[in-house]
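For reference, the structure discussed in these notes is given below.
The values are calculated or read from the model by the stated rules, or taken from the named source; none is laboratory data. Remember, it's a predicted structure, so these values are computed and weren't measured experimentally. Note that we place each Cβ from the backbone using ideal geometry, even for glycine, and neighbour counts take in every protein chain shown. We work out accessible area using only protein heavy atoms, side chains counted, and drop any ligands, DNA or RNA first. Shrake-Rupley method; radii C 1.70, N 1.55, O 1.52, S 1.80 Å.
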Amino acid sequence: MISRGSLKVGYSIFLIFFVFIFFIALETASAQDARSYYEGGREALASGDLHEAVHSFRSALNSNPAYLEARLGMIEAYFLLTEYNEAYREVETAHVYAPGNRELSLLEARILVALGRDEEAAEIYRDILNKRPHDAEANRGLAEYYAINGQKELAERTFDRSLRYSPGNKRVLMHLVLLYDESLDREKSEPVLLEALRLFPNDYYVRILAAEHYSLYNEWEKSAEHLKRIISMIEGPEDPRYRRVAMLNASIALKMGNPQAALENLKGVERDVDTGALFLLARASRATGDEKKAQAVMERIISMRPDDEIARMFREEYLVRTTSGFENYRQDASSWHISAGRRYEENFFYKRALAEYRRARLIDGTDADIWITYAELIRKMGFPEKYRDALKGALIELEGAGADSSGIRRKISLLNHSRRDGVAADWGYEDDPWKEEPSSWNVTVFVNEQEQSLPYHAGAAPTLGYFFADAADMSPRLRIIDPDGGFGLEIGTVSSFAEAFRISRGKSDYFILVDFFETERSFGVAADLYLSRTGELMGRFGELRTGRGMVGDAFSQTVMEIESALPDKMRILAIDGNRILLDKGRWYGVRAGSEAEEETEEPLLVLKKGKGRPGSVENGIEYSLRDYLGTATINRVSESLCEAEFEKAGDFNFVAAGDEVFHLPPPESAETDSLLDPAFRNRLLSVP
């Protein structure tokens with residue numbers, strides 16, 4: 001007979017055994033669930049459904065936080081989503097479970113490069129290569145680092161080394177195509193691309209690369225062929241990869257001048273929250289003449305991203321180029337710039353504030369309050385005569401449009417007895433001292449259609465070029481002319497330097513070839529300044545900016561750099577004995593004697609009209625010593641004009657109205673016409 005004690009002992013043993021089996025089963029089920037989630041994550045990653053991949057990997061990690069493969073998958077998914085900070089946090093967590101893991105180190109290095117911590121990434125790659133010199137992935141990563149930092153030859157050699165250790169590596173082949181296409185080296189990129197297509201004919205990313213490659217070289221049919229192949233490989237619009245194909249198709253259609261086809265590819269985008277797709281939709285709508293829809297789409301983008309300056313510029317380009325219609329959008333856009341200007345004004349950034357008020361004025365030129373705000377800042381800056389001139393301009397604009405100008409008239413009437421411009425009055429320019437167009441260099445702006453990197457605003461380069469030219473046109477040293485040589489704020493779109501050089505030669509003094517690039521949180525501009533006469537590079541300028549106002553900041557700073565690289569010049573308007581009147585004053589930055597920044601009265605160079613040509617010499621001006629007339633010393637400056645004392649170079653005074661004065665030192669010695677009648681010399685030289 002079994003005792004009660006024995007039964008208790010047996011029951012306890014059974015219970016312990018049952019609990020043990022239960023937890024083993026639970027752990028096994030958990031492991032199976034984690035594995036299942038992991039496999040689902042890999043499948044989602046392969047199909048391009050990155051959001052589903054994150055969900056699956058996270059579910060696997062909830063079941064097993066130490067599951068390294070799932071952690072690596074999560075890191076890769078975040079990296080492809082460009083969530084680099086989140087990816088790096090996952091890296092730090094993974095290091096706890098797998099310190100020194102090679103695959104983890106490789107991912108960490110890629111993320112560090114994306115975060116701009118290039119040197120830290122390079123150290124990781126070099127550390128791996130010290131232990132494993134033939135590591136293909138470490139060589140590939142180091143090559144990627146070199147490519148990003150502009151070391152093309154080192155990148156090319158290191159990519160080649162990676163291929164030797166891992167022939168046919170898809171990522172390396174794709175990187176090489178991108179490296180060569182960055183410099184438009186098709187001779188090298190084409191064979192590599194064809195090899196990638198041979199090895200991976202059904203790979204989504206390789207086909208996308210091929211479509212982008214051929215569109216870069218304007219081979220639209222080949223590009224479309226690859227896009228059709230991609231569409232046949234995926235499961236239709238429901239496939240998460242379809243969006244990129246549709247956007248690329250739409251972008252190519254717009255480049256080919258077929259906006260209707262672009263709209264077909266973008267069907268359903270109106271309900272989307274992808275601002276890149278919406279921007280393409282706005283472009284296509286404008287190109288088909290449906291400006292109402294374009295404005296509505298841009299309004300939606302701006303409501304989602306109020307600091308999206310490029311979207312604002314695209315919306316405003318139409319409003320600036322037209323004078324009526326879309327009044328609600330005009331008021332909204334101009335109000336935004338007025339608010340931005342007031343923020344600058346409160347912080348004493350008066351030039352930036354003036355630029356914002358000016359933009360508001362261009363958008364809604366019939367609003368008297370905008371004109372008054374613009375003019376009042378000019379007075380606040382210490383330019384009462386320019387203030388009067390701005391009010392007169394407002395009066396002409398408002399009355400021409402039939403708008404209410406009574407407020408402007410009242411302000412002008414209060415100025416009738418104010419102190420006038422002394423220099424202008426003395427020289428007979430009192431009625432309108434601003435009637436003379438100030439001397440400036442004629443500049444044409446070109447956008448290089450091959451060099452733009454605007455993933456979030458595809459095709460926005462012409463709009464950005466237009467507003468860059470507008471910013472440059474505000475400089476007193478620059479006057480923007482259109483590619484045909486006319487005085488209009490228009491830009492050119494070219495495919496090469498040679499095309500820009502050919503168009504601008506004989507029509508302008510300089511031309512600027514400008515490129516734009518952006519990331520989600522930064523914007524950059526690169527502007528190369530060339531001499532139109534010879535095509536010689538005069539300087540490279542550019543800015544990278546982040547944060548609020550980054551596009552405007554980049555434009556403003558780049559224009560200032562270009563402006564400072566060009567010699568300033570003035571034109572002689574009138575002559576009275578040894579006194580000369582010049583066409584610029586304080587508003588244009590001219591100072592006299594002790595007022596000048598360097599507090600010097602060094603005389604300026606005076607040359608015959610049109611004889612001072614821009615060149616690559618030290619001071620930026622080429623001229624013959626025979627065209628040197630003398631020097632000028634500025635002694636009186638008003639807002640619009642200045643007066644100078646002229647000192648002739650030789651025995652004869654040949655100076656005339658229209659001759660030019662440069663902010664350059666005179667030559668140490670010069671030939672003069674003091675011993676020979678110049679008319680007689682010219683007659684001698686004209687004998688056949």
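Tabulated data for the structure shown
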{"quantity": "Cα lying deepest toward the dipole's positive end in the chain, options Ala458, Leu81, Gly402, charges on Cβ", "calculated": "Leu81"}
{"quantity": "Percentage relative contact order, segment 341-441, counting C-alpha pairs under 8 Å, at least six apart", "calculated": "18 percent"}
{"quantity": "Lys648 accessible area, assembled protein chains, probe 1.4 Å, Å²", "calculated": "90 Å²"}
{"quantity": "Computed helical MRE - 222 nm, the chain, DSSP H runs ≥ 4 contributing -39500 (n - 2.57), nearest 500", "calculated": "-17500 deg cm²/dmol"}
{"quantity": "Within the chain, percent of DSSP bridges classed antiparallel, to nearest 5", "calculated": "80 percent"}
{"quantity": "Net charge dipole size for the chain [Lys, Arg +1 and Asp, Glu -1 on Cβ; Debye, nearest 20]", "calculated": "1420 debye"}
{"quantity": "Binned Cα-Cα distances of segment 215-332, short to long, each 10 Å bin given as a whole percent", "calculated": "13, 41, 31, 13, 3"}
{"quantity": "Helix 550-565 axis, angle to the chain major axis (alpha carbon atoms, nearest 10°)", "calculated": "40 degrees"}
{"quantity": "Cα centroid of segment 81-158 to Cα centroid of segment 445-504, whole Å", "calculated": "38 Å"}
{"quantity": "Environment charge of Glu219, counting only residues whose C-beta is closer than 14 Å and scoring Lys/Arg +1, Asp/Glu -1", "calculated": "-2"}
{"quantity": "On Cα atoms only, tilt of 102-114 relative to the major axis of the chain in degrees", "calculated": "20 degrees"}
{"quantity": "Listed residue (Pro476, Pro191, Val54) projecting farthest to the positive dipole end of the chain, Cβ model", "calculated": "Val54"}
{"quantity": "Dipole of the chain, positive end: most advanced residue of Gln151, Ile634, Met304 [Cβ charges, Cα centre]", "calculated": "Met304"}
{"quantity": "Tensor-based shape of segment 85-159 (alpha-carbon gyration tensor, a/c under 1.5 rounded, otherwise prolate or oblate)", "calculated": "oblate"}
{"quantity": "Shape call, segment 499-641: gyration tensor on alpha carbons, a/c limit 1.5", "calculated": "oblate"}
{"quantity": "Neighbour net charge for Arg342 - beta-carbon separation under 15 angstrom, K R +1, D E -1", "calculated": "+3"}
{"quantity": "Partners for Lys170 among lysines (Cα-Cα distance below 25 Å; same-chain residues under 8 apart left out)", "calculated": "Lys131, Lys152, Lys188, Lys222, Lys228"}
{"quantity": "Amide H contacts of Thr444 (H built 1.01 Å from N, under 5 Å, at least 5 apart or other chain)", "calculated": "Ile481, Tyr510, Phe511, Ile512"}
{"quantity": "Charge dipole (debye, nearest 20) of segment 160-305; +1 at Cβ of Lys and Arg, -1 at Cβ of Asp and Glu", "calculated": "220 debye"}
{"quantity": "Percentage, to the nearest whole number, of Cα pairs in the chain over 40 Å apart", "calculated": "48 percent"}
{"quantity": "Largest-first principal axis extents of the Cα set of segment 218-270 (Å)", "calculated": "28, 27, 12"}
{"quantity": "Protection proxy ranking of 81-87, 306-312 - average other beta-carbon atoms within 10 Å, highest first", "calculated": "306-312, 81-87"}
{"quantity": "Degrees between helix 170-182 axis and first principal axis of the chain (Cα, 0 to 90, nearest 10)", "calculated": "0 degrees"}
{"quantity": "Debye, to nearest 20: dipole size of segment 248-313, +1 on Lys, Arg Cβ, -1 on Asp, Glu Cβ", "calculated": "160 debye"}
{"quantity": "Per residue value of the accessible surface for the chain (all protein chains in place, 1.4 Å probe), Å²", "calculated": "50 Å²"}
{"quantity": "For segment 357-457: span of alpha carbons on each principal axis (Å, largest first)", "calculated": "57, 34, 26"}
{"quantity": "Sulfur and carbon atoms: percent of accessible area, segment 114-165 [1.4 Å]", "calculated": "46 percent"}
{"quantity": "Solvent-accessible surface (1.4 angstrom probe) belonging to Phe349, in square angstrom, nearest 10", "calculated": "120 Å²"}
{"quantity": "Carbon plus sulfur fraction of accessible area for segment 357-419, probe 1.4 Å, in percent", "calculated": "48 percent"}
{"quantity": "Relative contact order for the chain, counting Cα pairs under 8 Å that sit 6 or more residues apart, in percent", "calculated": "6 percent"}
